[in-house]
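K.L.:
I'd like to ask some things about the structure below.
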Ligand SMILES: [Mg+2]
């Protein structure tokens, strides 16, 4: 039998978290292109470690319209991701998959959230169970992507919206948590 040493951790698991980046994992600096500006949101490192230990595969999907707007390049976004992973200092590769949607909102896009396409593709490719998957993010486009894909939609209050603002939006089906750590603490 082939050894599995090259498989990402939890590669056989059917549960997964789909994670937004800015405002969910790192502070949202708005069009961040400088790796030196990366700041991990408190509690995120331990939360990712705990989710991983519970068997959740981790995926990241991030809208980076700054690329489509010509403010920075895909390479800049990749360097920011790399800095984030360095600061987190968890297992490598940390993510089973990463999707960067580079388009501006007015440009055609297959993957820009709230599109469910990336989540749906990963569910199919990795044989995930949608009932054991969640999309976590700080904007309505994140929770809508999750709902569109048929997974749990988790709203966090570490970025664009406060708990009060989320409640005002009253998005049916979205669950509001203070931050990623508070949500992961509910998992077992
Ligand atoms: Mg965000």
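K.L.:
Going by the conditions given, is residue 19 within 15 Å of the ligand (Cβ to nearest atom) and crowded, with 18+ Cβ neighbours inside 10 Å?
P.N.:
yes
K.L.:
So which residues in the range 22-38 are assigned to a loop (DSSP other than H, G, I, E, B), in contact with a helix residue (DSSP H, G or I) (Cβ under 8 Å, 6 or more places away or on another chain) and surrounded by fewer than 18 Cβ atoms within 10 Å (Cβ to Cβ), if there are any at all?
P.N.:
29, 31, 33, 34
K.L.:
Here's a follow-up. How many residues are in a helix (DSSP H, G or I) and in contact with a strand residue (DSSP E or B) (Cβ under 6 Å, 6 or more places away or on another chain) if we restrict to the range 166-179?
P.N.:
Going through the range 166-179 one residue at a time, the tally reaches 1.
K.L.:
Tell me, which residue of the range 174-188 that is under 18 Å from residue 129 (Cα atoms) and over 15 Å from the mean Cα position of the chain (by Cα) is modelled with the lowest pLDDT?
P.N.:
Ranking the qualifying residues of the range 174-188, first place goes to 188.
K.L.:
Any residue in the range 172-184 that is within 14 Å of the ligand (Cβ to nearest atom), under 15 Å from residue 25 (Cβ atoms), touching a residue at least 60 places away in the same chain (Cβ under 8 Å) and crowded, with 22+ Cβ neighbours inside 10 Å?
P.N.:
Checked against the condition, which is being within 14 Å of the ligand (Cβ to nearest atom), under 15 Å from residue 25 (Cβ atoms), touching a residue at least 60 places away in the same chain (Cβ under 8 Å) and crowded, with 22+ Cβ neighbours inside 10 Å, the range 172-184 yields at least one hit.
The values are calculated or read from the model by the stated rules, or taken from the named source; none is laboratory data. Since the model is a prediction, treat every value here as computed from it, not as a measurement. We place every Cβ from the backbone using ideal geometry, glycine too, and count neighbours over all the protein chains shown.
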